[in-house]
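Participant: Below is the structure I would like to discuss, written out as structure tokens.
The values are calculated or read from the model by the stated rules, or taken from the named source; none is laboratory data. All values reported here derive from a predicted model rather than from experimental measurement. No Cβ is skipped: glycine too gets one built from the backbone with ideal geometry, and neighbour counts run over all protein chains shown. These accessible areas exclude ligands, DNA and RNA; they are computed on the full protein's heavy atoms, side chains included. Shrake-Rupley method; radii C 1.70, N 1.55, O 1.52, S 1.80 Å.
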Amino acid sequence: MVRKHPRSRAPLFGSLLLVVAAGAAALGAAPATAAPAATPLGQIVPAPAKVVAGGSAYEITARTRIRVDDGSRDARRVGDYLAGVLRPSTGYRLPVTDDAARDGIRLELDTKEKGLGGEGYRLTSTGRSVTIVAAAPAGLFHGVQTLRQQLPAKVEADSRQSGPWLVAGGTVEDTPRYGWRGAHLDVARHFFTVDQVKRYIDELALYKVNKLHLHLTDDQGWRLAVDSWPKLATYGGSTQVGGGAGGYYTKAQYKDIVRYASSRYLEVVPEIDMPSHTNAALASYAELNCDGVAPPLYTGTDVGFSTLCVDKDITYKFIDDVVREVAALTPGKYLHIGGDEAHSTSQEDYNTFMDKVQPIVAKYGKTVVGWHQLTGAAPAKGAVAQYWGLDGTSAAEKAQVAAAAKNGTGLVLSPADRTYLDMKYNKDTPLGLSWAGYVEVRRSYDWDPGNYLPGAPSSAIRGVEAPLWSENIRTSSDIEYMAFPRLPGVAELGWSPASTHDWDMYKVRLAAQAERWDALGMNYYRSPQVPWPAT
Ligand code: NGO
């Protein structure tokens, strides 16, 4: 769990009351019957697909039980997770049981609810119970995140707080717009520990993010143990930007991350970046270099200067070994092979390289993901390209990506001037970069993935992802400052129907998240664009 903050602020009951009334009126529901402290139903991030507010609020009390489907281990696990969130702040026992009583908090798996899909849920709150129904465990988990956000922010505190713990009455029926709602973390430029990654995973789960893309290798560091090429981690992982100690995940640690992510219904997408961004590997094994000479380790921030040797057989033996071992650690479907900024590789070599590498990924049962430069080669059938261009990207480059999309390549959208969490908010932001411009909160939210890339069929869009590169990001506090409040906006673009898109409404829902981040002890940027509650 996210480390919690000892102090949490009391909610502003007065202003919430106003929002209750406004929310109910906007939804056309009966006059607010919810008790004062309840967050208006559906006033959460990401916005739910459908909200029908009304009826009495449910109150969690000392007698509340969390009832899960008889016999379902997954539902029980989600129930235990929910109890773990609620117990410290409510101080209640909240036993997780499988009795058939109809009251309390109920988590029900019902495979007949096909309309809810693999991730959707229906939450119904009445005076007697809150019931979350889903067709699959991920849906229950997402429903639990909705329930969490319906409760006062201080529910996130790790010490006992005073109630009441009310969930506004009504029904939320919710399914995601896209199946790919990703966050990327660069653990290569600066290494992040297992605990730091888990903390971020918990923060992502709150916003229904379902992919964690780990950028495991780059010029400055190789961060995952590979048994067949041990020096990659022990030597290639021994430094980072600025020359610090770096680090790497043992296989056991990496499995722990993957397991933890999957307990929060995030699929880890590992990235081994190639043919460029490979100095750490080239420094570890001289034979991978065309001239047979290992370069020194690199601790700067230039890009595009390194390349694997496209002509050597050993390059593909190396890739086969690495992909085999990484695939074996990956229960998920995807393996990201990078492919960005191969400035030291000719286009002809790049194409040859991708023609040889993509079948290796397929051989180990994984689907290729690559940065969108992959569309300059021949993307494998079923491959996914991650678009990271910006408004100023040339029409020709955009057209190349759109043409691949028309040809069946899936697209994940990570426009750098919208979704890159490492871009500064403005000129005074102490962290981050600015090569794609400044990205304030509104800019990161106010675009539509469905019609973003000219000529790309909307059916090709798999979703969105917010990358966080770590050239100058070192701590969890740094991660949080850059990710919050932008990450929830990208998560909302991935989850919520386009019809809910509205900056003026969004910024109010976003502002209400701040008390939750405070209670969780999280750092964030207090953007002047967002009407934060007074501190
Ligand atoms: C680019 C580059 C990365 C940098 C990042 C910094 C991609 C896909 N390649 O994005 O190596 O770290 O910008 O914003």
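Participant: Just a yes or no: is a residue in region 73-90 assigned to a strand (DSSP E or B), farther than 30 Å from residue 505 by Cα and not acidic (Asp, Glu)?
Facilitator: No, region 73-90 contains no residue that is assigned to a strand (DSSP E or B), farther than 30 Å from residue 505 by Cα and not acidic (Asp, Glu).
Participant: Separate question: Looking only at residues in region 300-347 that are part of a helix (DSSP H, G or I) and over 31 Å from the mean Cα position of the chain (by Cα), which one is farthest from residue 257 (Cα to Cα)?
Facilitator: The residue in question is 347.
Participant: Could I ask something else about it? Six or more apart or on different chains, Cβ under 6 Å: which pairs go from a residue in region 306-317 that's in contact (Cβ under 8 Å) with a residue 24 or more places away in the chain to one that's among the aromatic types (Phe, Trp, Tyr)? Could you list them?
Facilitator: 310/353
Participant: Working only within region 367-389, note down all residues that are open to solvent by 40 Å² or more (accessible area, probe 1.4 Å) and either within 11 Å of the ligand (Cβ to nearest atom) or in contact (Cβ under 8 Å) with a residue 40 or more places away in the chain (or both).
Facilitator: The one that is open to solvent by 40 Å² or more (accessible area, probe 1.4 Å) and either within 11 Å of the ligand (Cβ to nearest atom) or in contact (Cβ under 8 Å) with a residue 40 or more places away in the chain (or both): 373.
Participant: Another question about this same structure. Report whether or not residue 382 is in a loop (DSSP other than H, G, I, E, B), touching a Lys or Arg at 6+ places or on another chain (Cβ under 9 Å) and farther than 21 Å from residue 482 by Cα.
Facilitator: no
Participant: Counting just the residues of region 259-281 that are more than 16 Å from the ligand (Cβ to nearest atom) and in a helix (DSSP H, G or I), which one comes out most open to solvent (accessible area, probe 1.4 Å)?
Facilitator: 259
Participant: Residues to consider are 147, 166; find the one that is within 21 Å of residue 82 (Cα to Cα), open to solvent by 10 Å² or more (accessible area, probe 1.4 Å) and either touching a Phe, Trp or Tyr at 6+ places or on another chain (Cβ under 6 Å) or away from the ligand (no atom under 16 Å from the Cβ) (or both).
Facilitator: None of the others qualify; the one that does is 166.
Participant: Is region 203-214 home to any residue that is out of contact with any Phe, Trp or Tyr (no Cβ under 7 Å at 6 or more places or on another chain), open to solvent by 10 Å² or more (accessible area, probe 1.4 Å) and more than 16 Å from the ligand (Cβ to nearest atom)?
Facilitator: no
Participant: Looking only at helices (runs of 4 or more DSSP H) that lie completely in region 393-472, which have at least 1 residues being open to solvent by 40 Å² or more (accessible area, probe 1.4 Å)?
Facilitator: Result: 395-406, 441-445.
Participant: Taking residue 62 as meeting all but one of (1) out of contact with any strand residue (DSSP E or B) (no Cβ under 8 Å at 6 or more places or on another chain); (2) under 26 Å from residue 491 (Cβ atoms); (3) of a type in the set (A, V, I, L, M), write down the number of the exception.
Facilitator: Checking residue 62 against (1) out of contact with any strand residue (DSSP E or B) (no Cβ under 8 Å at 6 or more places or on another chain); (2) under 26 Å from residue 491 (Cβ atoms); (3) of a type in the set (A, V, I, L, M), the one that fails is (2).
Participant: Another question about this same structure. Residues to consider are 92, 121, 81; find the one that is among the hydroxyl-bearing types (Ser, Thr, Tyr) and over 28 Å from the mean Cα position of the chain (by Cα).
Facilitator: Result of the check over 92, 121, 81: 92.
Participant: It is to be established whether one or more residues within region 308-315 are surrounded by 15 or more Cβ atoms within 10 Å (Cβ to Cβ) and acidic (Asp, Glu).
Facilitator: no
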